[in-house]
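Taking it in order: structure first as structure tokens, then the write-up.
The values are calculated or read from the model by the stated rules, or taken from the named source; none is laboratory data. The model shown is predicted, which means the values in this text are computed figures rather than measured ones. Heads up, the Cβs are rebuilt from the backbone with ideal geometry, glycines too, and the neighbour counts pull from every protein chain shown.
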Amino acid sequence: MKKLAVYSPKGGSGSTTLALHIAYELAHRGYRILLVDADPQGGVAASLQEKVRSSKGLCDVFLRDNAIEACLIKTRQPLLSLLPFGACSTAELQQLMSDAADGWLFQRVLDELPDAFDIVLFDVPSGVSPWSLGVLRVVEQVFVPLVVEPMALRVFPQVLSLLAGLRSEGSLVEFAGAILTMWRSEQPYTWTLLKELRASLPSQALLQAMVPWDPLFVQSQMAGTLLGLYSREPSPTQGILGQLVDEILRLGFVAEEAADESEPISLVV
Ligand SMILES: Nc1ncnc2c1ncn2[C@@H]1O[C@H](COP(=O)(O)OP(=O)(O)OP(=O)(O)O)[C@@H](O)[C@H]1O
Ligand SMILES: [Mg+2]
């Protein structure tokens with residue numbers, strides 16, 4: 001089972017949106033995937049319909065010893081399940097925050113997961129906090145959404161030193177690549193910044209697919225669903241998300257867990 005994360009040091013970078021759409025696309029390609037909403041703000045649930053927002057989740061596993069399997073939500077895509085964050089009080093949250101830094105809570109979740117997933121993808125809250133570090137400690141590969149604007153580019157190097165620090169403490173976590181998102185090609189400054197970014201990073205550090213700024217993301221979120229399910233008409237951005245996931249697979253991050261494409265996909269899960 002591969003353990004991946006989407007994480008940005010900068011808030012509002014599109015992490016949750018990317019995590020949801022990557023998870024969906026990976027499931028579409030035959031991987032059994034669990035998307036874990038590891039953000040106490042419940043970003044995954046907030047992006048989806050009411051049913052998910054009121055469901056039990058990670059914090060019920062942590063605080064109330066609920067069985068993980070009882071908190072998993074199945075989706076229209078049979079190979080994609082969700083583990084929402086759930087709801088807890090301020091006092092409980094404070095307790096969790098102080099317990100989470102060493103990663104043990106999240107490791108427990110991974111250890112207790114049923115053997116039903118090829119990939120676990122964590123949506124990690126943005127910013128540098130003991131909580132985020134706790135999640136990052138237990139994953140293997142981190143994808144970093146990157147908006148081409150000065151603030152985001154300036155804080156981006158923090159991720160690399162953060163992950164290096166975790167590795168020096170024994171974690172296996174690695175930087176998998178930055179994913180350009182909310183890309184606005186019509187803004188001349190973005191091309192200048194992109195050039196600077198490309199010059200400052202090794203070429204393999206930036207994935208080639210660039211997710212554009214597209215109002216369809218907000219519209220599909222308003223409807224509590226994903227871009228590919230919002231409209232039955234395929235959109236150019238949907239095609240780019242497909243390219244992004246193909247690229248992730250080609251890079252080999254999940255290839256060793258690849259589903260055997262000759263195997264039939266079962267109807268009943
Ligand atoms: N490519 C995009 N084009 C247009 N809007 C987008 C795009 N990606 C995300 N958004 C919108 O931007 C907002 C923030 O996105 P999202 O919640 O994914 O960011 P985040 O990094 O997870 O934020 P947070 O730091 O709060 O967790 C949402 O309203 C989302 O619909
Ligand atoms: Mg988020």
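From the list 157, 84, the lone residue that is away from ligand 2 (no atom under 16 Å from the Cβ) and either crowded, with 21+ Cβ neighbours inside 10 Å or modelled with pLDDT under 95 (or both) is 157.
Screening segment 95-167 for helices (runs of 4 or more DSSP H) wholly inside it with 3 or more residues that are closer than 16 Å to residue 5 by Cβ returns the ranges 104-112, 130-138.
Between 130, 188, the distinction of being closer than 29 Å to residue 242 by Cβ, away from ligand 1 (no atom under 13 Å from the Cβ) and modelled with pLDDT under 95 belongs to 188 only.
Evaluation of residue 31 against the conditions (1) over 21 Å from residue 137 (Cβ atoms); (2) of a type in the set (Ser, Thr, Tyr); (3) part of a loop (DSSP other than H, G, I, E, B); (4) within 14 Å of ligand 2 (Cβ to nearest atom) shows that the sole unmet condition is (4). Would segment 98-117 turn up any residue that is crowded, with 23+ Cβ neighbours inside 10 Å and either of a type in the set (D, E, K, R) or in contact (Cβ under 8 Å) with a residue 60 or more places away in the chain (or both)? Yes: segment 98-117 contains one or more residues that are crowded, with 23+ Cβ neighbours inside 10 Å and either of a type in the set (D, E, K, R) or in contact (Cβ under 8 Å) with a residue 60 or more places away in the chain (or both).
Out of the residues in segment 1-34 meeting the condition of being surrounded by fewer than 24 Cβ atoms within 10 Å (Cβ to Cβ) and of a type in the set (D, E, K, R), tell me which one is nearest to residue 179 (Cα to Cα). Top of the filtered list is 10.
So residue 70 fits all but one of (1) more than 10 Å from ligand 2 (Cβ to nearest atom); (2) aliphatic (A, V, I, L, M); (3) in contact with a strand residue (DSSP E or B) (Cβ under 8 Å, 6 or more places away or on another chain); what number is the exception? The single condition residue 70 does not satisfy is (3).
Residue by residue, here is whether (1) touching a residue at least 12 places away in the same chain (Cβ under 8 Å); (2) surrounded by fewer than 22 Cβ atoms within 10 Å (Cβ to Cβ); (3) among the polar types (S, T, N, Q); (4) closer than 26 Å to residue 60 by Cβ holds:
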{"residue": "94", "(1), (2), (3), (4)": "no, yes, yes, yes"}
{"residue": "121", "(1), (2), (3), (4)": "yes, no, no, yes"}
{"residue": "132", "(1), (2), (3), (4)": "yes, no, yes, yes"}
{"residue": "139", "(1), (2), (3), (4)": "yes, no, no, yes"}
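Of the residues making up segment 133-152, those that are within 17 Å of residue 104 (Cα to Cα) and either out of contact with any Lys or Arg (no Cβ under 7 Å at 6 or more places or on another chain) or within 13 Å of ligand 1 (Cβ to nearest atom) (or both) are 133, 134, 135, 136, 137. Picking from residues in segment 114-127 that are within 18 Å of the chain's Cα centre (by Cα) and within 20 Å of residue 27 (Cβ to Cβ), the one that is farthest from ligand 1 (Cβ to nearest atom) is 118. All of (1) near ligand 1 (Cβ under 10 Å from one of its atoms); (2) over 21 Å from residue 112 (Cβ atoms) hold for residue 29 with one exception: (1). For segment 120-143, the set of residues classified as away from ligand 2 (no atom under 15 Å from the Cβ) and of a type in the set (D, E, K, R) consists of 137, 140, listed by residue number.
Exactly one residue out of 5, 19, 45 is near ligand 1 (Cβ under 10 Å from one of its atoms) and aliphatic (A, V, I, L, M), and it is 19. Within segment 35-54, does at least one residue satisfy the condition of being away from ligand 2 (no atom under 16 Å from the Cβ) and crowded, with 19+ Cβ neighbours inside 10 Å? Within segment 35-54 (the criterion being away from ligand 2 (no atom under 16 Å from the Cβ) and crowded, with 19+ Cβ neighbours inside 10 Å), the answer is no, since none of the residues qualifies.
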